[in-house]
Structures are given as C-alpha cells and as structure tokens.
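Please read the structure below before turning to the comments.
Nothing in this text is a laboratory measurement; each read-out follows from the coordinates by a stated rule. On a predicted model such as this, the values are computed, not experimentally measured, just so you know. Here Cβ is always computed from backbone atoms with ideal geometry, including for glycine, and neighbour counts include all displayed protein chains.
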Amino acid sequence: GDVLAPLWYCIGVRSILDNLATHHPLIEAYGFIDNMDLLILKPPLTDDVETVGPPQFAVPTSNMANYIVHMTNQTTSLVQDLAQPTGSQLQLPKCSLYAPNITSFDQSASSSSSSAPDPFHLIHLSPNGTIVLGTPIGSDEFVRSTVLGTLDKLGLDILNKIINLPLNIQDKLILIRSCISTVPMHLARTVSLRCGSETSDLFCSWDQAL
C-alpha cells in the first residue's frame, strides 16, 4: 500500500539495469512499475557463422532461434547474478518470452551439462504477444483480449468497489482519477491495432462503466 513503492523498486533495480547495459551491448533493459523488460536486439546479419558481443557473452548469429535461446540464457543468468547482492531474485516462471516471426525453438540449443535446467526451459513462451512498459504488443487478438481484460477488471471490479465505499462523491472521484483512470489513459495512448477504428472501440465498455 506504499504509494512510493514503484519509486523504491526503480531505485533498487537501477544499478541492475545499468550494469546489464554495460555488460551486454545487445540488450536494452527497462524498469516499469514492478516489472523489468529486456529487449534482445537483432544482431548484424552476416553470411558467415560469426559471433557478436563480448567474448564471455558471444552468441552465434547464423540461426535466429538459437540466437534468442542463447541470449535468453545469458541475460537472465546475468540478471540473477546482478540481483543477488541486492537481495532480489528473478522469478523465471513468471517471465515470458515473445519472439515475433519465430515459430519454434530447438530445445537442445539450450541444454546444459548440469542437472539444473537452463533459464530458457523455465520461461513461459508467449507466441502471440507480451506486455512491454505496460502496453500489450503482438497480434490483434492478444492486444484486444489483454486490454479488454484489464478494463473489465477496472470497470466491473475496482470501480464498483470505489462506488460502494462510504464516501462522498468528490472523494470517490479523487480515488477514480488517482488510482485507476491512469491505466485506461495509458492504454488509450499507447495501444494500436491494425484497424484504427477498432482501437477506439476497445474503450467503449470502460466509458460506459465510468
């Protein structure tokens, strides 16, 4: 319930994000509220089987699926190592991987000699989309279902709870503006579907509930 919780989180993970960017030039890391988003950059395309990145993080560029597997293992392991001194822990089962245009991964590419599974095996594969900086990206179906699910929870659950609080109307409006209206506004500004008219239609149910 601490209103400064997002700030404390960002301060805590800032050093992790900075160190990650320094150690691995092919990763862009962002902190958003209580999440961390890691963007794996596409390597320079070459005809030869070359490697990119520092020697300790060198990855093959000849196969994009294997490249994603290698990068996932390297970056998640690095984040875990950087987070440990701060008392933090990366929850791999709660992580998801979205790799557009890659239909399948070679599971053997991430096999290790130890008995413990590689991070790639513990991460949820999300073929249709994921959420980056609070905004769903991916297929129209994924974006639509994510937005409608979020707005449905806000409009039918949280909004009704605020309405039924023993407060005057002005106090309820303050709660709505401060606590929940920012989420629909963020989605309305950042979400985009291939059909522009459908994008605005996503927020009709929220407008009606409000």
Separation of the residue 201 and residue 174 label points, Cα + 7 Å toward Cβ, nm: 4.0
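What is the sum of charges, Lys and Arg at +1 and Asp and Glu at -1, for the other residues whose Cβ falls under 12 Å from the Cβ of residue 202? Write down the numbers at each step before the final one.
Working: positive: 144; negative: 140, 152, 198, 201, 207.
Residues near residue 202 contribute -4 overall.
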Inter-label distance, nm, simple model (7 Å from Cα along the C-beta direction), residue 86/residue 209: 3.2
Net charge, residue 180 excluded, C-beta distance under 13 Å - Lys, Arg +1, Asp, Glu -1: +2
Relative contact order %, the stretch 128-210, counting alpha carbon pairs below 8 Å whose residues are six or more apart: 36
In nm, spacing of pseudo-spin labels at residue 7 and residue 165 (7 Å Cα→C-beta vector): 2.1
